[in-house]
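The values are calculated or read from the model by the stated rules, or taken from the named source; none is laboratory data. Predicted, not measured: the structure shown is a model, and the values here were computed from it. Note: ideal-geometry Cβ built from the backbone for every residue, glycine included; neighbour counts use all protein chains shown. All accessible areas refer to the heavy atoms of the entire protein, side chains included, with ligands and DNA or RNA removed. Shrake-Rupley method; radii C 1.70, N 1.55, O 1.52, S 1.80 Å.
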Amino acid sequence: VVSYNTALSACSRAGAWDAASRVLEEMRSRGVSPSLVTYNTRMAQCQRSGRFSDAMVMMEEMKAAGIEPDAVTYTSLIWTVAKAPVYTHPRPGPRQWERCVSLVDEMHQHNIPRTIHVYTAAMIACKEAFAYKSLLRLNENRINDSIKDDETLTELVKWAETQQADQDDRYYPNIK
């Protein structure tokens, strides 16, 4: 499996999606089962190339094969989903920010450590969708996870707090 993972990684870094797909096909045809590293390498390739649908399929394949995703898997998937174009999310069904929040929650349910990168990606997706309440909830979770903020997170939270205050002013203009 190590040799296949090395070849897959080289294809991934070179942006050679089709070549990486052939490596996976050959691997499976020879009876070699993909490992966590195999899936994480492919997931990283999905992230770099913006292949949202392939990343979601990869996660399902991984789970079906009995391989538990780890923090690396989730981080790559959340960034892929967060950066996916809106048109890749046909309705009805969760939109990208909802998927990101759901994946962060799934990490918590499976006791997989959430990192600053996970929160950043999910919170960016929330901001792009104007989902400030979900962004603020993610920030509360981040604080509960004892993850320090950085400049990006600080700016995201300030934006969400401003949106919340503006919303409150619209609905409750006489309450101060």
So His117 and Ile143, fully extended at 0.36 nm per residue minus their Cα-Cα distance, gain in nm 8.0 nm
Rounded to a whole %, the carbon-and-sulfur portion of the accessible area of the chain at a 1.4 Å probe is 53 percent
Taking only protein heavy atoms and a 1.4 Å probe, what accessible area per residue, in Å², does the chain have with all protein chains in place? 56 Å²
Calculate, for Ala64 and Asp105, the FRET efficiency according to 1/(1 + (r/R0)^6) with r their C-beta to C-beta distance and R0 22 Å; round to the nearest 0.05. 0.60
Using the Karplus curve 6.51 cos²θ - 1.76 cosθ + 1.60 with θ = phi - 60°, work out ³J(HN,Hα) for each residue of region 102-110 in order, rounded to whole Hz, and write x for Gly and Pro. 4, 5, 5, 5, 4, 4, 4, 4, 9
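Based on DSSP H runs of at least 4 residues, each adding -39500 (n - 2.57), what is the mean residue ellipticity at 222 nm of the chain after dividing by all its residues, to the nearest 500 deg cm²/dmol?
-23000 deg cm²/dmol
So how much slack lies between Ser29 and Lys83, counting 0.36 nm per residue of separation and subtracting their Cα-Cα distance, in nm?
Residue separation times 0.36 nm, minus the Cα-Cα distance, leaves 16.2 nm.
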Over all directions, average the projected area of the Cα convex hull of region 29-139 and note it in nm². 7.3 nm²
